[in-house]
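Beneath this line is the structure, given in C-alpha cells, with notes to follow.
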Amino acid sequence: MKKVLAIIIVVILALFAAWYAFVYYASYSEGSRSGELIKFSNKGVIIKTWEGEISQGISGAQIFSFSVEDKEKNIIKKLEKLQGRYVKLKYKERFAKISWLGDTKYFIIDVVEEVSPHFRNR
C-alpha cells in the first residue's frame, strides 16, 4: 500500500513538473505593443508580482495588461522610470497564467521608450 501511494505521489509530482516546465518555457506567441504606460505596480499579499497596463487608445479604450518577472530587474527599473510615457513593449505570451509569476499570460522581455504618435508632428 505504501509503495502504491509513493508511486502515485511521484507520478503527480512528475506531471506537475512537466506542466510547469511546458507553461514556463514554451511560448504561445511573441510580439510587441505600443502605448502610454498608465500603471505599473508591485502587488499582492503573500506573493508579490509586478503588474502593469498600457493604454493603446486615445481615451484608454484599449488596455493591454502585462506582468514582469521578479528576475527582470533592468526591465522593472525602466518601467518605473517611464511611467506616463509612450513605450513599446516586447512580450512573450505563455499558454497559461502562473499565479506566483504574474496575473497575466503576457510577460515583458524588453521595453523601449518611443515618440507618441499623438505628438509626432508637433
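The values are calculated or read from the model by the stated rules, or taken from the named source; none is laboratory data. Note that the structure is predicted; figures quoted are calculated from it, not measured. Methodologically, a virtual Cβ is constructed for each residue, glycine included, from the backbone with ideal geometry; neighbour enumeration extends over all protein chains shown. Only protein heavy atoms, including side chains, enter the accessible area calculation; ligands, DNA and RNA are left aside. Shrake-Rupley method; radii C 1.70, N 1.55, O 1.52, S 1.80 Å.
For the chain, report the accessible area per residue in Å² (1.4 Å probe, heavy atoms, rounded to an integer).
Averaged over the residues of the chain, the accessible area is 67 Å².
What is the distance in Å between the Cα centroid of region 80-119 and that of region 6-26?
Region 80-119 and region 6-26 have Cα centres spaced 29 Å from each other.
Per residue of region 85-95, in order, report the coupling 6.51 cos²θ - 1.76 cosθ + 1.60 (Karplus, θ = phi - 60°) as ³J(HN,Hα) in whole Hz, putting x for Gly and Pro.
9, 7, 10, 10, 9, 9, 10, 10, 9, 8, 5
I need the calculated FRET efficiency for the pair I7 and K73, taking r as the beta carbon distance and R₀ as 41 Å, to the nearest 0.05.
For R0 = 41 Å, the calculated efficiency reads 0.50.
What residues qualify as long-range amide H neighbours of R85, i.e. H under 5 Å apart, gap of 5 or more or another chain, H built at 1.01 Å from N?
Result for R85 returns L37.
Which semi-axis lengths, in whole Å and largest first, follow from the square roots of five times the eigenvalues of the Cα gyration tensor of region 63-122?
Listed largest to smallest, the semi-axes of region 63-122 are 25, 13, 9 Å.
Give the Debye-formula value of log10 I(q)/I(0) at each listed q (0.10, 0.15, 0.22 Å⁻¹), with one equal scatterer per alpha carbon of the chain, two decimals each.
Relative scattering, expressed as log10 I(q)/I(0), comes to -0.40, -0.72, -1.24.
Report, in degrees rounded to the nearest 10, the 0 to 90 angle that the Cα long axis of helix 2-25 makes with the longest principal axis of the chain.
20 degrees
In nm, to one decimal, how far is the E30 label point from the E93 one, both placed 7 Å along Cα→Cβ?
So the two model labels end up 1.5 nm from each other.
Once Rh for region 18-83 is found with the Kirkwood sum over Cα pairs, what is the Stokes-Einstein diffusion coefficient at 25 °C and 0.890 mPa s, in µm²/s?
After rounding, the answer is 181 µm²/s.
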